[in-house]
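Data first, discussion second: the structure below is written as structure tokens.
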Amino acid sequence: MFKEAALAALRQALGEDADAVGDLAAQLTPPPKIEMGDLAFPCFPLAKIRRAAPPKIAAELAAAIAEAGTAGGPIAEVKALGPYVNFFADPAAMLDGLHMSLADGSFFEGCKSDTSTRVMIEFSQPNTHKVFHVGHLRNVAVGDALVRVFRARGHDVVAANYYGDFGIDVAKCLWWLNSHAQEEPPTDGRTAWLGKAYTAATLHVAAAEAAGKEQGDAIKAEIRAVLTAMEEGEPEITALYQKTRQWCLDEFAGIYDWLDVRFDHEFFESQLEEAGNKVVDDYVAKGVFVESQGAIISDLEEDGCGVALVRKSDGSSLYMTWDLALARAKFDEFDVQTSMYVVGSEQTLHFKQLFATLGKMGYARAKDCRHVSYELVMLPEGKMSSRKGTAIPFHLLRTHVLDAIRAKMAAAGSEVDDEAASKIAIACLKYGMLHVGNTRSVIFDIDEWTNPEGDTGAYLLYSLARIAGIQRKAGDGVDVASPVPADSGFGGEAERALLTHLTAYPSVLARVERTCDPSGLAGYVFEGAKRFSRFYQECPVVKAEPALKHARLKLAASAQRIFTEALGLLGIDAVEVM
RNA sequence: GCGCCCAUAGCUCAAUGGAUAGAGUACCGGCCUCCGAAGCCGGUGAUCGGGGUUCGAAUCCCUGUGGGCGUACCA
């Protein structure tokens, strides 16, 4: 409403120059500091057109707008600050407008994209029979946040998981279990226990290979035989496979449940073998795939991404084979327009090859496939290594984080129940994973992430708990739906800084959609919490004069609504008391 | 070798090509008679080097250096 008014006034003042400037709305942005106003327009591009210095043009425009008159509207003041034309909103009108749009739902409706598409977001992709560790958590946090943001933007989202529950690595684990005396697995952390068996098997193979080609080949043949037995349904191996696979799936389900992450559809590698082989056969027949060095490849040299192997020379399928079948299912059975893959950056080439291959296969929507890539999770002491055992399995991680939260809460003299402790722990974990941009590696540091002071999930929840505290103590008997009374005195810097920030929310969601990077939203919530804290410090609500109390309560309520929503999109649940 | 990504304060991170590069942490100094001090306010402290494009560059281009990842029978 304010921005529309500012745009209209600007357009009028520009006259015929308006078209020459380009997208006015895009150029009219919040200035770096609140004392500079709520929106600002840079006059540099006009310098050539009007053949005058930018500050002079800014002054002329500001004068023209002031002359045309803005009295009574949402614009309180317009003035030139150097080469910029700065617009100041009327704070009470802006607050009334914001609150009303929140009440009637138009605020969040206005967060939606102009067009709605059907999009599948595939993420998590855990491997059974391997450790599920902190690194995997980043994927879950990013993927889940994107699912929620895309839904908030009005898209028809299918959240998909894709389990790596088949193949030579699984066989390797089972081979180890079969060929080595094992203790009974623990009830908690059975996936990690299987992961250890997998690691032991890998080390064993490496040692055998180092000892000589014959020893290495012999062991690999044994593992290969296990895979064949799995494929052919040999009873004993199948029973072991089914049992251990289910352990892992159950544990994954428990993790997702704890994290409040839901999937609409689950794919399994074990179910793609046949379809994958058929895809390869089909497109060999069509001449899209060709034989090379005994294997079947998709030749992508002219696309600049080498060759992609789609069938090994021994006839077995691999990652790419299954991904082709999976992509086909996504297009044909789920009819998705856009297909997103949340996968680590180390697989960038794989996805370039996959998308290029899909294009060659004739799928026009290959161009709407997107690899959402993110960097690794590191530990303060360096790279995580499952070999060195520094990769923390999830079941231990959860315990460690909960312990850290409880210890710090106790130290701060605060008592929380298990549910609140869980919520805080999850907030710390997810915020820790999400506040860093996708292109940068995350350093996982339990102590820092659970720090009650500073840039953490706990700080965000604390801020929201304080807003809730205001509502409890001052909320009764005030009808915040009515307009802010005249001469309330509302509109100090801390108040306007918070208010302006709240109105920027829709543009943040649009940016997250565009970049597929939730860190912008995490940063938004943190900045909002900072601004709220300053408001909280400087602006008493309960003790304020009635008119001012009314306005401040209204602001607090609006902040609570928007921050709760924003946190929700990050997969973080607020707590009333902490 | 080739390709992709990264380099900002002691440390961890921000900054749709726009105004004096912002936060957190750490360190120093203030603020609880007042809605929750897990907070607020102030101070110290930074764009890896060299070119270029632009009215304007942390951001775009070239180049050097230092890291990470990938580079057909792993996923």
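The values are calculated or read from the model by the stated rules, or taken from the named source; none is laboratory data. Treat the numbers as computed from the prediction; the structure is a model and nothing was measured. Because the Cβ atoms are built from the backbone with ideal geometry, glycine has one as well, and the counts that use them run over all protein chains shown. For the accessible areas, the whole protein counts, side chains as well, though only heavy atoms, and no ligand, DNA or RNA atoms are used. Shrake-Rupley method; radii C 1.70, N 1.55, O 1.52, S 1.80 Å.
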Q: With everything on Cα atoms, drop me the angle between helix A:418-434 and the longest principal axis of chain A, reported from 0 to 90° to the nearest 10.
A: 90
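For every helix of n ≥ 4 consecutive DSSP H residues, a contribution of -39,500 (n - 2.57) applies; sum these over chain A, divide by its total residues, and give [θ] at 222 nm rounded to the nearest 500 deg cm²/dmol. Show your work: numbers first, answer last.
Details: 23 runs with 319 residues, N = 578.
Mean residue ellipticity, 222 nm, calculated: -18000 deg cm²/dmol.
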Q: Ignoring everything but the protein chains, give the 1.4 Å probe accessible area of A:Cys428 in square angstrom, nearest 10.
A: 0
(Q) Once you keep just the Cα pairs under 8 angstrom separated by 6 or more residues, what percentage relative contact order results for segment A:2-89? (A) 32
Q.
I'd like the trypsin sites (Lys or Arg not before Pro) in segment A:26-86 restricted to DSSP loop residues with at most 10 other Cβ atoms within 10 Å, sorted by number.
A. A:Lys33, A:Arg51
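Stokes-Einstein at 20 °C, 1.002 mPa s, Kirkwood radius from Cα pairs: D for chain A in µm² s⁻¹?
Working: Rh = 27.3 Å.
Rounded to a whole number, D works out at 79 µm²/s.
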Q. Distance from the Cα centre of segment A:517-578 to that of segment A:241-308, in angstrom?
A. 44
Q: Sequence neighbours fewer than 8 away in the same chain don't count; with that in mind, list the aspartates and glutamates whose C-alpha is under 16 Å from A:Lys220.
A: A:Asp169, A:Glu209, A:Asp314
Q: Report the calculated FRET efficiency for A:His400 and A:Ala18 (r = Cβ-Cβ distance, R0 = 41 Å), to the nearest 0.05.
A: 0.10
Q: Quick one: which residues, 5 or more positions from A:Tyr163 or on another chain, have an amide H under 5 Å from its amide H? H modelled 1.01 Å from N in the peptide plane, none for Pro or chain starts.
A: A:Phe267, A:Phe268, A:Glu269
Q. In sequence order, what are the phi-derived ³J(HN,Hα) couplings for segment A:241-257 according to the Karplus relation 6.51 cos²θ - 1.76 cosθ + 1.60 with θ = phi - 60°, rounded to whole Hz, with x for glycine and proline?
A. 4, 4, 5, 6, 4, 5, 3, 5, 4, 5, 5, 4, 4, x, 5, 4, 5
Q) Where a Cα-Cα gap under 15 Å defines reach, which aspartates and glutamates qualify for A:Lys383, not counting those fewer than 8 residues away within the same chain? A) A:Glu346, A:Glu375, A:Asp445
Q: Over segment A:12-79, give the accessible area per residue in Å² for a 1.4 Å probe, as an integer.
A: 54
Q | Cα-centre dipole for chain A with unit charges at Cβ (Lys and Arg positive, Asp and Glu negative), debye to 20 | A | 1360
Q. A:Glu576 accessible area, nearest 10 Å², 1.4 Å probe?
A. 110
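Tell me, what is the percent relative contact order of chain A, built from C-alpha pairs under 8 Å that lie six or more residues apart?
Details: 869 pairs, mean separation 86.3, N = 578.
For chain A, the relative contact order is 15 percent.
Run the dipole for segment A:2-89 about the Cα centre, Lys and Arg Cβ at +1, Asp and Glu Cβ at -1, nothing else charged, and hand back the magnitude in debye, nearest 20. Before the final figure, lay out each step's value.
On the way: 8 positive and 10 negative charges, 57 e Å.
Roughly 280 debye, rounded to the nearest 20.
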**Q.** Net length gained if the chain between A:Thr515 and A:Val307 were fully extended (0.36 nm per residue, minus Cα distance)
**A.** 72.0 nm
Q) How much length is gained on full extension from A:Ser507 to A:Gln537, taking 0.36 nm per residue of separation minus their Cα-Cα distance? A) 8.0 nm
Q) What nm distance separates the two modelled labels at A:Lys213 and A:Met1, each placed 7 Å from Cα along Cα→Cβ? A) 8.0
Q) Taking H as built 1.01 Å from N, whose amide H comes closer than 5 Å to the amide H of A:Val158, not counting residues under 5 places away? A) A:Val119, A:Met120, A:Ile121
Q. Cross-link partners among lysines for A:Lys530, C-alpha distance below 17 Å, same-chain residues fewer than 8 apart left out?
A. A:Lys33
Q: For segment A:244-289, give the magnitude of the charge dipole about the Cα centre (Cβ charges: +1 Lys/Arg, -1 Asp/Glu; no others), in debye to the nearest 20.
A: 220
Q.
Suppose a student asked you for the relative contact order of segment A:390-540, using Cα pairs under 8 Å spaced at least 6 residues apart; what percent would you report?
A. 25
Q: Mind jotting down the distance between the C-alpha centroids of segment A:395-421 and segment A:1-48, whole Å?
A: 49
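Would you mind telling me the antiparallel percentage of the DSSP bridges in chain A, rounded to 5?
Working: 21 of 43 bridges.
Rounded to the nearest five, the antiparallel share is 50 percent.
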**Q.** Surface share of carbon and sulfur [accessible, 1.4 angstrom probe, percent] for segment A:2-89
**A.** 56
Q: Using the structure shown, select from A:Lys3/A:Lys112; A:Lys388/A:Lys430; A:Lys196/A:Lys388; A:Lys430/A:Lys554; A:Lys213/A:Lys312 the pairs with a Cα to Cα distance greater than 22 angstrom.
A: A:Lys388/A:Lys430; A:Lys430/A:Lys554
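With a Förster radius of 22 Å, plug the Cβ-Cβ distance of A:Ala221 and A:Gln242 into 1/(1 + (r/R0)^6) and report the FRET value to the nearest 0.05. Working shown, then result.
Details: r = 24 Å, r/R0 = 1.09.
Between A:Ala221 and A:Gln242 the formula returns 0.35.
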